[in-house]
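Before any comments, here is the structure.
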Amino acid sequence: MALSTDLEILNRVLRELSSCFLQYAGECWPWTSAGAEGAKLRDSVMQCVERQRQSIGLVAEFLATQQDRVEYGKFPAEFTDLHYVSMTFLLKRLVESQKKLVESIDRTVTLLPAGDECREILEAVQNNERANLAALQAP
């Protein structure tokens with residue numbers, strides 16, 4: 001059974017994931033992606049969004065079985081300032097945001113004891129988010 005502090009840690013991670021710039025980009029796509037290269041880049045970003053949604057689902061599903069409330073985050077208003085920017089600018093911002101998210105998750109994993117169920121879930125999320133960072137840095 002997870003301790004309440006472990007659940008609080010997972011709730012914090014869930015808020016970070018669900019309110020990050022990558023999720024915003026997936027839900028609100030006002031960026032143009034002209035031509036085959038643009039479409040390829042958009043597809044790559046959307047694959048990352050979907051992988052992150054899997055992480056969100058994994059954490060939320062676990063939390064729902066352990067407690068009454070599951071807390072999702074809210075997108076910061078500052079994200080709306082980034083509408084209609086170039087894909088190049090958008091990608092740079094996504095990479096910066098994803099780096100910060102991975103660093104935060106890396107620090108958070110160390111707060112949980114090895115073998116703990118919450119840590120195992122967080123390590124799966126960590127792997128997904130590192131894969132997203134690598135994919136965003138690839139183009």
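Tell me which residues, restricted to region 84-105, are free of Cβ contacts under 8 Å to residues at least 12 places away in the same chain and either of a type outside the set (V, I, T) or in contact with a Lys or Arg (Cβ under 9 Å, 6 or more places away or on another chain) (or both).
F89, K92, E96, K100, E103
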* Structure fact -> L22 fails exactly one of (1) without any contact (Cβ under 8 Å) to a residue 60 or more places away in the chain; (2) within 18 Å of A135 (Cα to Cα), namely (1)
* Structure fact -> Note on region 43-97: residues aromatic (F, W, Y), part of a helix (DSSP H, G or I) and either under 16 Å from the mean Cα position of the chain (by Cα) or modelled with pLDDT of 90 or more (or both) are F62, F79
* **Residue satisfying all of: in region 7-42; closer than 25 Å to E71 by Cβ and modelled with pLDDT under 90; surrounded by the most Cβ atoms within 10 Å (Cβ to Cβ) among these** => A25
* Look through region 87-139, keep the residues that are basic (K, R) and farther than 21 Å from R12 by Cα, and return whichever of them is surrounded by the most Cβ atoms within 10 Å (Cβ to Cβ). => R93
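The values are calculated or read from the model by the stated rules, or taken from the named source; none is laboratory data. Note that the coordinates shown come from a computational prediction; the quantities given were computed from them, not determined experimentally. In this analysis, Cβ positions are derived from the backbone assuming ideal geometry, glycine residues included, and neighbour counts consider all displayed protein chains.
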